[in-house]
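Structure, as structure tokens:
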Amino acid sequence: MTATLRPHTAPHPHPDAALAYEHAERQLLGEYAVEARSRRLPLADPGLTARVMETGAGEPILLLHGSGMSAPTWAPMLPHLQDRRVHAFDLPGFGLSDPHDYAGRSLRRHAVAQISSMLDALELDRATVAGTSLGAMWALCMALERPERVRSVVGLGIPAVS
């Protein structure tokens with residue numbers, strides 16, 4: 001795949017903006033009666049820190065948003081996934097994750113590197129990977145390249161650049 005993802009290389013948001021974002025996120029999750037914790041995990045490739053929102057218990061599932069979105073995109077679904085250990089990431093360059101420039105390699109290589117790094121950071125051998133748009137494309141790329149790390153794939157809508 002040679003499609004280009006618009007890089008997000010701006011510096012971290014101002015601390016007040018990040019606090020306002022987190023406050024709005026808590027309000028959104030409250031609308032769905034979901035308690036989630038947020039933490040930042042170091043990724044090996046790309047070498048940056050990604051934010052993950054976590055809730056539920058059970059088999060692990062990674063939720064990957066589409067381009068221009070972030071982890072809270074999944075808020076309406078989270079009450080229905082409480083029987084799973086949900087790990088909803090802000091992809092690098094989105095939400096509260098570190099900025100990232102997607103130039104320099106194919107989107108497929110970015111996808112495999114990012115999801116592999118996410119699973120490693122979570123200390124998971126494999127998980128179900130679900131996504132919408134760009135996230136669905138990432139999930140499919142990972143399943144094709146590293147099937148031993150993907151329990152199953154759930155794609156909502158049409159994967160990006162399909």
(message) Quick check: at a probe of 1.4 Å, how many percent of the accessible area of the range 69-162 sits on carbon and sulfur atoms?
(response) 52 percent
(request) Arrange the peptides 20-27, 90-97 so that the one whose residues have, on average, the most other Cβ atoms within 10 Å appears first. (result) 90-97, 20-27
(request) With the full set of protein chains in place, find how many percent of the accessible area of the range 12-63 is carbon and sulfur; take the probe as 1.4 Å. (result) 56 percent
(message) Please report the antiparallel percentage of DSSP beta bridges with both residues in the range 52-96, rounded to the nearest 5.
(response) 40 percent
(request) Treat every Asp and Glu Cβ in the chain as -1 and every Lys and Arg Cβ as +1, leave all other atoms uncharged, and give the resulting dipole magnitude about the Cα centre to the nearest 20 debye. (result) 360 debye
(request) Determine the per residue accessible area of the chain with all protein chains present and a 1.4 angstrom probe, expressed in square angstrom. (result) 49 Å²
(request) Considering only DSSP beta bridges where both residues belong to the chain, give the percentage that are antiparallel (nearest 5). (result) 45 percent
(request) Determine the calculated [θ] at 222 nm for the chain from helices alone, applying -39500 (n - 2.57) to every DSSP H run no shorter than 4 residues and normalising by the residue count; nearest 500 deg cm²/dmol. (result) -9000 deg cm²/dmol
(request) Please report, in cubic angstrom per residue, the volume enclosed by the convex hull of the alpha-carbon atoms of the chain. (result) 100 Å³
(request) Hey, can you grab everything whose amide H is under 5 Å from the amide H of R85? Only 5+ residues off in sequence or another chain; H modelled, so Pro and N-termini drop out. (result) A57, G58, E59, I61
(request) Give the peptides 42-52, 142-152 in descending order of average Cβ contacts within 10 Å, highest first. (result) 42-52, 142-152
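The values are calculated or read from the model by the stated rules, or taken from the named source; none is laboratory data. Predicted model only: the values in this text are computed from it and were never measured. Counting neighbours? That spans all protein chains shown, and the Cβs are built from the backbone with ideal geometry, glycine included. The protein model used for the area step is the full one, side chains on, heavy atoms only, and it has no ligands, DNA or RNA in it. Shrake-Rupley method; radii C 1.70, N 1.55, O 1.52, S 1.80 Å.
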